[in-house]
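A short write-up of the structure that comes next.
The values are calculated or read from the model by the stated rules, or taken from the named source; none is laboratory data. Every value quoted in this text rests on a predicted model; they were computed, and no experiment measured them. Cβ placement follows ideal geometry from the backbone for every residue including glycine, while neighbour counts extend to all protein chains displayed. These accessible areas exclude ligands, DNA and RNA; they are computed on the full protein's heavy atoms, side chains included. Shrake-Rupley method; radii C 1.70, N 1.55, O 1.52, S 1.80 Å.
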Amino acid sequence: MAEIHKNYIGGAWVAGADASDNTNPAKPAEIIGTYAMASAADADKAVAAARQALPEWSNTTPQQRHDLLDSVGNQILGRADEIGKTLAREEGKTLPEAIGETMRAGQVFKFFAGEALRQSGEFIPSVRPNIDIEVSREPVGVVGLITPWNFPIAIPAWKMAPALAWGNCVVLKPASLTPASAHVLVEILDACGCPKGAVNLIMGSGGVLGEAMLANADIDAFSFTGSVATGRHIAAACAAMQTKLQLEMGGKNPLVVMDDADLDIAVAAAVNGAFFSTGQRCTASSRLIVHAPIYDAFVEATRKTIKALKVGNPLDAETQIGPVISPEQLQSNLAYLDIAKKEGIEVIGGAALDHADKGYFQNPGLMLDTKNQMRINREEIFGPLASVIKVGDFDEAVAVANDTEFGLSAGICTKSLSHARQFRKQAQAGMVMVNLPTAGVDYHVAFGGRKGSSFGPREQGRYAAEFYTTLKTSYIQA
Ligand code: NDP
């Protein structure tokens with residue numbers, strides 16, 4: 001019988017109520033591994049283990065927390081090729097993208113190892129005599145982490161590392177489609193001597209485990225990345241329980257291309273932002289808003305570039321675009337193409353690909369001359385599809401860019417300092433890119449969006465402290 005990769009609760013590897021096969025979206029007949037599925041009762045045990053571990057972990061010294069996170073970071077970096085291969089097989093991004101994501105996870109742990117040493121508070125004189133005030137940060141407590149499939153190691157890492165750096169204990173529920181990367185990460189934490197209960201991993205259905213976590217009053221805070229629908233559901237449950245919350249959700253990110261843009265830079269930014277990682281990035285450039293004078297040249301150059309992109313097995317060296325994550329996601333992508341065609345939109349590419357291995361492959365697709373009001377420009381598609389919208393001037397470009405319920409990332413390609421500056425000020429987004437793809441961020445600065453894309457404090461960098469700590473103001477009379 002195949003080995004079953006177990007849940008990790010209270011420092012022990014424990015079987016689940018059931019198990020499921022983790023398959024390769026490029027080769028669905030290939031099983032990467034069998035992973036335990038935890039029950040609602042297991043979720044409660046994981047929360048109890050985290051609660052029990054909290055007094056000890058939250059009282060460790062910054063040096064102890066630094067040392068754990070640093071050695072986890074080193075282990076991840078040292079095994080990046082091997083872990084990246086597993087990640088590429090379970091998620092479908094290309095091997096270089098998967099190794100890059102794994103290295104990012106390692107860098108994140110090393111960054112937060114440093115943050116553990118940099119913790120500080122404020123010492124402030126009172127407005128009253130003989131009183132001093134100290135404002136200090138304390139851990140929030142037990143944090144529930146619920147993560148999606150599209151960055152199966154980086155997102156667990158960028159939630160877990162700051163949580164641990166500031167003395168919290170965590171329960172991680174990774175996406176059902178991609179348990180392997182999270183499992184490896186927790187194996188490394190265990191091997192590096194993470195204290196029992198400080199980190200717990202429960203794998204299985206969000207409907208079962210997520211709901212059990214949401215109903216558990218012993219979780220002090222939730223950090224969630226995923227779809228808007230699930231995020232709003234979690235928000236409602238957290239509001240009822242007064243649980244601290246951080247949500248990172250979808251995007252419909254605009255990339256504006258002005259007529260003074262360097263065409264090569266603009267096309268490279270659009271193609272990278274829209275199609276790399278199979279377009280399955282919350283920061284993907286899904287609306288290409290193009291100034292009329294450069295529209296034809298941009299479309300022609302983009303058409304040529306995407307026709308040359310190699311779609312195929314993520315492990316093949318020449319592959320640039322891997323498969324879509326699942327048959328359901330592929331069907332959903334194709335349904336959006338049908339919607340576009342029914343609205344009379346010309347589509348370049350986008351067809352599902354027949355492949356000997358029966359993987360969920362799809363050519364990158366570009367929908368031309370679309371209107372921002374169309375459904376394809378309102379809803380997040382989350383696949384290798386982008387639409388092009390023609391605009392008459394800069395003001396219209398900004399208005400269209402901002403005319404969306406989302407606000408994660410927004411980009412502009414221009415040589416005009418004035419346009420770049422105005423766009424940075426006017427874009428209603430958490431992140432703004434100039435002459436760069438909307439996707440692709442650094443790990444030591446704030447990550448997150450506005451409007452329907454995000455809720456609560458930012459993730460990553462030192463800003464992560466806002467979510468993973470709570471302030472205490474102490475008054476001391478001499
Ligand atoms: P989902 O919202 O479907 O799932 C995200 C996580 O929530 C999974 O672990 C899932 O479990 C879990 N979940 C499902 N139902 C519940 C529930 N009732 N209660 C609690 N948890 C639940 O999103 P996807 O995984 O499909 O990810 C794709 C989405 O994530 C896209 O919309 C994308 O834009 C967004 N995303 C946003 C990012 C950002 O930073 N803004 C980054 C990456 C993705 P299970 O897998 O078992 O269903």
Next item on the list: List the number of the failed condition for Glu115; all other conditions in (1) touching a residue at least 60 places away in the same chain (Cβ under 8 Å); (2) open to solvent by less than 70 Å² (accessible area, probe 1.4 Å); (3) of a type outside the set (Gly, Ala, Ser); (4) closer than 23 Å to Ala175 by Cα hold.
Entry: (4)
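The rows are residues; the columns are (1) closer than 22 Å to Glu187 by Cβ; (2) crowded, with 18+ Cβ neighbours inside 10 Å; (3) at pLDDT 95 or above; (4) of a type in the set (S, T, N, Q).
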{"position": "Asp21", "(1), (2), (3), (4)": "yes, no, yes, no"}
{"position": "Pro28", "(1), (2), (3), (4)": "no, no, yes, no"}
{"position": "Thr34", "(1), (2), (3), (4)": "yes, no, yes, yes"}
{"position": "Met37", "(1), (2), (3), (4)": "yes, yes, yes, no"}
{"position": "Ala41", "(1), (2), (3), (4)": "no, no, yes, no"}
{"position": "Ala49", "(1), (2), (3), (4)": "yes, yes, yes, no"}
{"position": "Ala53", "(1), (2), (3), (4)": "yes, yes, yes, no"}
{"position": "Thr61", "(1), (2), (3), (4)": "no, no, yes, yes"}
Notebook entry, point to check: Across the range 350-385, what is the number of residues that are farther than 30 Å from Glu30 by Cβ, open to solvent by less than 10 Å² (accessible area, probe 1.4 Å) and within 16 Å of the ligand (Cβ to nearest atom)?
Noted result: 2
Next item on the list: Only residues that are among the hydrophobic types (A, V, I, L, M, F, W, C) and not in a loop (DSSP other than H, G, I, E, B): list them for the range 306-358, please.
Entry: Ile306, Val311, Ile321, Leu330, Leu334, Ala335, Leu337, Ile339, Ala340, Val347, Ile348, Ala352
Notebook entry, point to check: How do the pairs read when you match residues in the range 70-87 that are in the same structural domain as Leu117 (by TED's automatic domain parsing) with residues anywhere that are part of a helix (DSSP H, G or I) and among the charged types (D, E, K, R), using Cβ under 7 Å and keeping only pairs 6 or more apart or on different chains?
Noted result: Asp70/Lys110; Gly73/Lys110; Leu87/Glu101
Margin query: I need the full set of residues from the range 1-19 which are out of contact with any helix residue (DSSP H, G or I) (no Cβ under 9 Å at 6 or more places or on another chain), at pLDDT below 95 and not acidic (Asp, Glu), in order please.
Written below: Met1, Ala2
Notebook entry, point to check: Looking at Lys341, is it open to solvent by 10 Å² or more (accessible area, probe 1.4 Å), in contact with a Gly (Cβ under 8 Å, 6 or more places away or on another chain) and of a type in the set (Lys, Arg)?
Noted result: no
Checklist line | Residue list for the range 130-160, restricted to those being away from the ligand (no atom under 16 Å from the Cβ) and either open to solvent by 10 Å² or more (accessible area, probe 1.4 Å) or within 29 Å of Met103 (Cβ to Cβ) (or both) | finding: Asn130, Ile131, Asp132, Ile133, Glu134, Val135, Ser136, Arg137, Glu138, Pro139, Val140
Next item on the list: Determine which single condition Val127 fails, assuming it passes every other condition in (1) of a type in the set (A, V, I, L, M, F, W, C); (2) open to solvent by less than 50 Å² (accessible area, probe 1.4 Å); (3) out of contact with any helix residue (DSSP H, G or I) (no Cβ under 7 Å at 6 or more places or on another chain).
Entry: (2)
Check: Say we look at the range 206-223 and pick out the residues that are closer than 11 Å to Cys238 by Cβ and open to solvent by 10 Å² or more (accessible area, probe 1.4 Å); which of these is nearest to the ligand (Cβ to nearest atom)?
Finding: Leu214
Check: What number of residues within the range 173-189 are within 10 Å of the ligand (Cβ to nearest atom) and either over 19 Å from Met213 (Cβ atoms) or not in a loop (DSSP other than H, G, I, E, B) (or both)?
Finding: 3
Checklist line | Pairs where the first residue, in the range 151-163, is in contact (Cβ under 8 Å) with a residue 60 or more places away in the chain and the second is in a loop (DSSP other than H, G, I, E, B) and within 9 Å of the ligand (Cβ to nearest atom), C-beta under 6 Å, 6+ apart | finding: Pro152/Thr178; Ile155/Thr147
Notebook entry, point to check: Failed condition for Leu436, given (1) in a loop (DSSP other than H, G, I, E, B); (2) within 16 Å of the ligand (Cβ to nearest atom); (3) touching a strand residue (DSSP E or B) at 6+ places or on another chain (Cβ under 9 Å); (4) open to solvent by 30 Å² or more (accessible area, probe 1.4 Å), with all others met?
Noted result: (2)
Checklist line | Any pair with Cβ under 8 angstrom, 6 or more apart, that starts in the range 194-206 at a residue that is under 16 Å from Phe109 (Cα atoms) and ends at one that is within 11 Å of the ligand (Cβ to nearest atom) | finding: Val199/Leu172
Item checked: Candidate set: the range 224-240, residues that are within 7 Å of the ligand (Cβ to nearest atom) and more than 20 Å from Ala464 (Cβ to Cβ); chosen: the one least open to solvent (accessible area, probe 1.4 Å) -> Val228
Item checked: Qualifying positions in the range 401-430 - open to solvent by 20 Å² or more (accessible area, probe 1.4 Å) and of a type in the set (A, V, I, L, M, F, W, C) -> Leu417
Next item on the list: Count, please, the residues in the range 113-150 that happen to be in contact with a His (Cβ under 9 Å, 6 or more places away or on another chain) and closer than 30 Å to Gly204 by Cα.
Entry: 1
Notebook entry, point to check: Within the range 441-461, can you find the residues that are charged (D, E, K, R), touching a helix residue (DSSP H, G or I) at 6+ places or on another chain (Cβ under 8 Å) and outside any loop (DSSP other than H, G, I, E, B)?
Noted result: Glu459
Check: Within the range 279-305, restricting attention to residues that are of a type in the set (A, V, I, L, M) and buried (at least 23 other Cβ atoms within 10 Å of the Cβ), which residue is farthest from Phe447 (Cα to Cα)?
Finding: Val290
